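Structure first, commentary second.
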Amino acid sequence: MGTCVSVGIIGLGHVGAHVANSLMLQGIADELLLCDIASGDEDNSKKLAAEVQDLSDSLAFCPHNVRIENCGEDYAALASCDVVVNAAGKVRLAAEDRDGELFYTTDTARRFIPVLARAGFSGVWVTVANPCDVVATQIWKLGGFDPRRVIGTGTQLDSARFRHVLSRETGIDQHSVGAYMLGEHGATQFACWSQVNFGGKPLAELEREEPGRFSLDRAALEDAARRGGYVAMAGKMCTEYAVANAAARLVRAVVSNEHAVLACSTLMDGIYGEEGLFCSVPCVVGGSGVEALMVPDLTGPEQAAFHASCAHIRENLGRVGLA
């Protein structure tokens, strides 16, 4: 990375604006180049200008100065960024499930993926827009980008929700819980129970030693992790803080070259026999994007759940002509 960390954000709705704010408050970015649709029936130029003003006004409370530029619909201006975050979506379409945004987000992405490809963007994509795995696959296929430089936020957020409910049930701080939701960032995701550990000690051992504390209602906790976002949706018709911080966490892992292990959406290249689509497994994330995969040894039922998740992603890819 250069001495100046430059991050582009496409889509300054609920999530995109919070990504920008999080990057500023955490001191991750030195400059933010912000884009949104500024023409046609859906002109978000006033919203974009408002967010630029509000973010600029908050700089006095941030750890260091950040240059903020309103790039309108000039997506090519983001070509020199270290990371481009795609947060272009329409959350009200996801009121029932994340597939609700399928046609909107993929149609919108066709406006900027080829532009950045032609402009020579060689940084890392972090894509949030839902269905996350479909859009990540689209960025790779349509733009011809190195797939390891395309990262979907995927089940990083769902894994955080999973660790939260495990912490709530056991009283162990969530930072000491090792647990992942894997597969699709959607209804077919699943809890990787075989790998759950507390401070490195497997859940199976703890269940034998302290059944009163660690014999968990697995189905209920997995459903709570899977459906957590819809608790927020029911009350305010969007999710914004957690998913924005998940995206910011990936940006930090890239620009700081952390080699952090995070559950995120990446290209399947034969993992468990799946290929040609993006799906979430634990990944080593650093300066070049996804540097390696930490593929867990799944049980038979977990592998079946993973294949079912990939089948659903593949079905959605077919619906938008990307299969």
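The values are calculated or read from the model by the stated rules, or taken from the named source; none is laboratory data. Model, not experiment: these values are computed from the prediction. Note that we place each Cβ from the backbone using ideal geometry, even for glycine, and neighbour counts take in every protein chain shown. We work out accessible area using only protein heavy atoms, side chains counted, and drop any ligands, DNA or RNA first. Shrake-Rupley method; radii C 1.70, N 1.55, O 1.52, S 1.80 Å.
Please identify, among Glu209, Glu258, Glu31, the residue showing maximal mean-square fluctuation in a Gaussian network model of the chain using a 10 angstrom Cα cutoff.
Among Glu209, Glu258, Glu31, the largest mean-square fluctuation in the Gaussian network model of the chain belongs to Glu209.
Between the range 167-236 and the range 260-304, what is the C-alpha centre distance in whole Å?
Here the answer is 19 Å between Cα centres.
Can you give me the long-range amide H partners of Val124? Hydrogens built in the peptide plane at 1.01 Å from N, cutoff under 5 Å, separation of 5 or more residues or another chain.
Residues meeting the criterion, in which the H sits 1.01 Å from N, are Val83, Val84.
Could you please state, rounded to a whole Å, how far the C-alpha centre of the range 105-154 is from the C-alpha centre of the range 1-52?
Comparing the Cα centres of the range 105-154 and the range 1-52, I get a distance of 17 Å.
Restricting to DSSP H runs of at least four residues, report the calculated mean residue ellipticity at 222 nm for the chain, -39500 (n - 2.57) per run over all residues, nearest 500 deg cm²/dmol. Show your work: numbers first, answer last.
Values: 10 runs with 134 residues, N = 323.
Dividing the helical sum by the residues of the chain leaves -13000 deg cm²/dmol.
In whole percent, what relative contact order does the range 179-249 give with Cα contacts below 8 Å and a gap of six or more residues?
Details: 40 pairs, mean separation 13.7, N = 71.
The value is 19 percent.
Considering Cα pairs under 8 angstrom that are at least six residues apart, work out the relative contact order of the chain and quote it in whole percent. Intermediate values should be presented prior to the final figure.
Working: 653 pairs, mean separation 57.1, N = 323.
That works out to 18 percent.
Counting only protein heavy atoms, what percent of the accessible surface of the chain is carbon or sulfur at a 1.4 Å probe? Walk me through the numbers on the way to the answer.
On the way: 6540 of 12900 Å².
Solvent-exposed carbon and sulfur of the chain make up 51 percent of the total.
Obtain the radius of gyration and the Kirkwood radius of the range 121-262 from its C-alpha atoms and give Rg over Rh.
Values: Rg = 16.5 Å, Rh = 16.4 Å.
Radius of gyration over Kirkwood radius for the range 121-262 works out to 1.01.
Could you identify which residue out of Gly27, Gly143, Gly273 has the top mean-square fluctuation in a GNM of the chain using Cα springs shorter than 10 Å?
So, out of Gly27, Gly143, Gly273, the one fluctuating most is Gly273.
Enumerate the calculated ³J(HN,Hα) couplings along the range 258-274 in order (Karplus 6.51 cos²θ - 1.76 cosθ + 1.60, θ = phi - 60°), each rounded to whole Hz, writing x wherever the residue is Gly or Pro.
Listing the rounded values in order: 6, 6, 7, 8, 9, 6, 8, 8, 9, 5, 7, 10, x, 5, 6, x, 9 Hz.
Quick one: compute a quarter of the convex hull surface over the Cα atoms of the range 188-323 and quote it in nm². Don't skip to the answer; put the middle values down first.
Details: hull surface 41.9 nm².
Spelled out: convex hull of the Cα atoms, projected over all directions, averaged, 10.5 nm².
Given a Förster distance of 35 Å, report the FRET efficiency between Asp57 and Ser176 from their Cβ-Cβ distance, rounded to the nearest 0.05. Walk me through the intermediate numbers first.
On the way: r = 38 Å, r/R0 = 1.09.
So, using R0 = 35 Å, E works out to roughly 0.35.
Probe of 1.4 angstrom, ligands and nucleic acids ignored: what's the accessible area per residue over the chain, in square angstrom? Spell out each step's value before the answer.
Working: 12900 Å² over 323 residues.
About 40 Å² of surface per residue is accessible.
Under 30 Å between alpha carbons: how many lysine pairs meet that in the chain, if sequence neighbours fewer than 8 apart on the same chain are excluded?
Working: Lys46/Lys90; Lys46/Lys236; Lys47/Lys90; Lys47/Lys236; Lys90/Lys141; Lys90/Lys236.
Taking the Cα cut-off of 30 Å, the pair count is 6.
What does the net charge come to around Asn257 if you take all other residues with beta carbon closer than 12 Å to its beta carbon, with K and R at +1 and D and E at -1?
Working: positive: Arg252; negative: Asp82, Glu258, Glu291.
Its environment carries a net charge of -2.
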